[in-house]
């Protein structure tokens with residue numbers, strides 16, 4: 001997929017974007033937002049050929065983080081890493097990318113899968129209920145959520161997200 005155009009975002013739009021992220025993802029803190037959008041970086045928006053938008057940053061996002069080399073999780077941003085994408089061409093349905101989730105893992109609830117499922121997800125398969133790693137006796141994860149709820153996918157035992165998506169089936173149907 002190619003990017004048709006990329007442009008810098010005005011600071012007023014960045015403030016609006018941050019407010020929108022806080023509204024959609026209430027678990028995010030001011031420190032988390034600062035980590036994703038450091039003040040010394042420039043936020044870029046790129047329009048993809050399928051009319052989706054993605055937001056990234058330029059500059060060295062780790063300049064402000066004096067301890068980034070000592071971080072236990074090793075998660076840092078590289079300029080150009082996409083942070084959020086908008087599937088509605090600017091109308092506000094923002095999803096974090098795995099890059100954003102590596103920096104702020106608590107941003108959305110996670111669904112754990114068995115390690116054998118990951119290659120199929122990487123190949124483009126939809127996540128099905130049998131692929132989830134569930135506690136014994138639990139038919140559906142406790143954090144399933146209503147249709148449209150955003151969830152990330154992790155491999156059991158590894159906190160790094162490998163996919164992001166939304167719930168397509170109501171838990172009562174399962």
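The values are calculated or read from the model by the stated rules, or taken from the named source; none is laboratory data. Fair warning: this is a prediction, and the values are worked out from it, not measured in the lab. Don't worry about glycine lacking a Cβ; one is built from the backbone with ideal geometry, like all the others, and counts go over all protein chains shown.
Of all residues in segment 128-158, those satisfying the criterion of being at pLDDT 90 or above and either under 13 Å from the mean Cα position of the chain (by Cα) or more than 17 Å from residue 105 (Cβ to Cβ) (or both) are 150, 151, 152, 153, 154.
For segment 27-36, enumerate the residues that are more than 14 Å from the chain's Cα centre (by Cα) and part of a loop (DSSP other than H, G, I, E, B). Result: 29, single match.
Residue-wise test of (1) within 18 Å of residue 27 (Cα to Cα); (2) out of contact with any strand residue (DSSP E or B) (no Cβ under 6 Å at 6 or more places or on another chain).
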{"position": "109", "(1), (2)": "yes, no"}
{"position": "114", "(1), (2)": "no, yes"}
{"position": "123", "(1), (2)": "no, yes"}
{"position": "139", "(1), (2)": "no, yes"}
{"position": "146", "(1), (2)": "yes, yes"}
{"position": "156", "(1), (2)": "no, no"}
{"position": "161", "(1), (2)": "yes, no"}
{"position": "166", "(1), (2)": "yes, no"}
{"position": "169", "(1), (2)": "no, yes"}
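Please indicate, with yes or no, whether at least one residue in segment 66-80 is surrounded by 13 or more Cβ atoms within 10 Å (Cβ to Cβ), at pLDDT 90 or above and either within 17 Å of the chain's Cα centre (by Cα) or not assigned by TED's automatic domain parsing to the domain that holds residue 160 (or both). Looking for residues that are surrounded by 13 or more Cβ atoms within 10 Å (Cβ to Cβ), at pLDDT 90 or above and either within 17 Å of the chain's Cα centre (by Cα) or not assigned by TED's automatic domain parsing to the domain that holds residue 160 (or both), one finds none in segment 66-80, hence no.
Do you know which residues across segment 116-125 are in contact with a helix residue (DSSP H, G or I) (Cβ under 9 Å, 6 or more places away or on another chain), under 17 Å from residue 165 (Cα atoms) and part of a loop (DSSP other than H, G, I, E, B)? The answer is 117, 125. Scanning segment 135-166 for residues that are assigned to a loop (DSSP other than H, G, I, E, B) and crowded, with 16+ Cβ neighbours inside 10 Å yields 141, 144, 145.
Considering only segment 37-55, I want to know if a residue exists there that is assigned to a helix (DSSP H, G or I) and either under 15 Å from the mean Cα position of the chain (by Cα) or assigned by TED's automatic domain parsing to the domain that holds residue 82 (or both). For segment 37-55, residues assigned to a helix (DSSP H, G or I) and either under 15 Å from the mean Cα position of the chain (by Cα) or assigned by TED's automatic domain parsing to the domain that holds residue 82 (or both): absent. I want to confirm something. Restricting to segment 96-110 and keeping residues that are touching a helix residue (DSSP H, G or I) at 6+ places or on another chain (Cβ under 9 Å) and over 12 Å from residue 81 (Cα atoms), which single residue is surrounded by the most Cβ atoms within 10 Å (Cβ to Cβ)? Checking each candidate, the answer is 108. Determine whether segment 2-16 contains at least one residue that is modelled with pLDDT under 85, assigned to a helix (DSSP H, G or I) and surrounded by 12 or more Cβ atoms within 10 Å (Cβ to Cβ). There is no residue in segment 2-16 that is modelled with pLDDT under 85, assigned to a helix (DSSP H, G or I) and surrounded by 12 or more Cβ atoms within 10 Å (Cβ to Cβ).
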